[in-house]
Amino acid sequence: MLDLPAVRSAPKPRELRLDNVSKVFPVSGRSLTILDRVSFVVKPGERVGILGRNGSGKSTMIRIMGGATLPSAGHVHRGFSVSWPLAFGGAFQGSLTGLDNVRFLCRIYGVDLATVQPAVEEFAELGEYFREPVKGYSSGMRSRLAFGMSMAIDFDCVLIDEVITVGDARFRERCRNALFDKRRNRAIVVVSHEESVVKDHCDRAAVLVSGRLHEFATTDEAFDFYRNSMSL
């Protein structure tokens, strides 16, 4: 018998990576390409903004990053834990209460309900609705529940889809503090139309135009390109 050396697989890189990801939707009997061979990498601790017109595919891209939507082609590598998109309530089971959804996610992620439940309940500020079925929530309430759950679980990368516009000024300030101050060492991907949010909190940015992603080393360069693309 040959004594062959053991083959060791290379360790997976600690990063979030999209490799040639495409997403196609059927619309009125034809195929509409929303994302066209998008490649994108987020390293640990990196903060990246995603810009684009309404309907450009930003939310689709961030849902693919988090696993809420599957790509039509290409590959997604998650080398560290990634949150669901904060403004995306599709992961909730509508017939369950907010509390039951928290219980369910604690089982999935293997975290302690006794620690997570009070943190979510305090942050989301849903009051008695926390124990009511999620299907009766407004979109803002669902976003606050999703935000509270994301803040209670210590993800390596947090995906944000405009959720910091939810609620009154006091609640938005709490969101900003929880995301950008308390999680300085975490990777963050931000989809936002607020230029101040992206420039104040992101290291760099990328712009989606006609399904293609254009990356820039600075947020200033990205916004210059974004404004020019809006005038075309």
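The values are calculated or read from the model by the stated rules, or taken from the named source; none is laboratory data. Note that the coordinates shown come from a computational prediction; the quantities given were computed from them, not determined experimentally. Here the Cβ positions follow ideal geometry from the backbone for every residue, glycine too, while neighbour counts run over all protein chains shown.
List of remarks:
- With respect to the conditions (1) surrounded by fewer than 19 Cβ atoms within 10 Å (Cβ to Cβ); (2) in contact with a strand residue (DSSP E or B) (Cβ under 7 Å, 6 or more places away or on another chain); (3) in a helix (DSSP H, G or I), residue 99 falls short on a single one, namely (2).
- From the options 176, 131, 172, 186, residue that is modelled with pLDDT of 85 or more, under 23 Å from residue 49 (Cβ atoms) and surrounded by fewer than 21 Cβ atoms within 10 Å (Cβ to Cβ): 186
- Residues (modelled with pLDDT under 85 and in contact with a strand residue (DSSP E or B) (Cβ under 8 Å, 6 or more places away or on another chain)) located in the stretch 141-157: 150
- Qualifying positions in the stretch 49-76 - assigned to a loop (DSSP other than H, G, I, E, B), touching a strand residue (DSSP E or B) at 6+ places or on another chain (Cβ under 9 Å) and under 23 Å from residue 199 (Cβ atoms): 53, 56, 57
- Residues that are surrounded by 17 or more Cβ atoms within 10 Å (Cβ to Cβ) and either touching a His at 6+ places or on another chain (Cβ under 8 Å) or assigned to a loop (DSSP other than H, G, I, E, B) (or both), drawn from the stretch 26-48: 46, 47
- Residue 183 satisfies every condition listed in (1) in contact with a Lys or Arg (Cβ under 8 Å, 6 or more places away or on another chain); (2) not in a helix (DSSP H, G or I) except (1).
- For residue 122, the stated conditions do not hold, so it cannot be described as touching a strand residue (DSSP E or B) at 6+ places or on another chain (Cβ under 7 Å) and without any contact (Cβ under 8 Å) to a residue 60 or more places away in the chain.
- The number of residues in the stretch 191-215 being under 18 Å from residue 35 (Cβ atoms) and in a strand (DSSP E or B) comes to 10.
- Some residue of the stretch 195-204 being in contact with a Phe, Trp or Tyr (Cβ under 8 Å, 6 or more places away or on another chain) and more than 23 Å from residue 175 (Cβ to Cβ): no
- Identity of the residue in the stretch 104-128, within 10 Å of residue 152 (Cα to Cα) and β-branched (Val, Ile, Thr), that ends up surrounded by the fewest Cβ atoms within 10 Å (Cβ to Cβ): 115
- For the stretch 175-194, taking the residues that are under 18 Å from residue 14 (Cα atoms) and not polar (S, T, N, Q), the one that is farthest from the chain's Cα centre (by Cα) is identified as 184.
- In the stretch 55-106, the residues that are among the small types (Gly, Ala, Ser), without any contact (Cβ under 8 Å) to a residue 60 or more places away in the chain and in contact with a helix residue (DSSP H, G or I) (Cβ under 6 Å, 6 or more places away or on another chain): 89, 94, 98
- For residue 160, the test of being in a helix (DSSP H, G or I), modelled with pLDDT under 90 and of a type in the set (Val, Ile, Thr) is failed.
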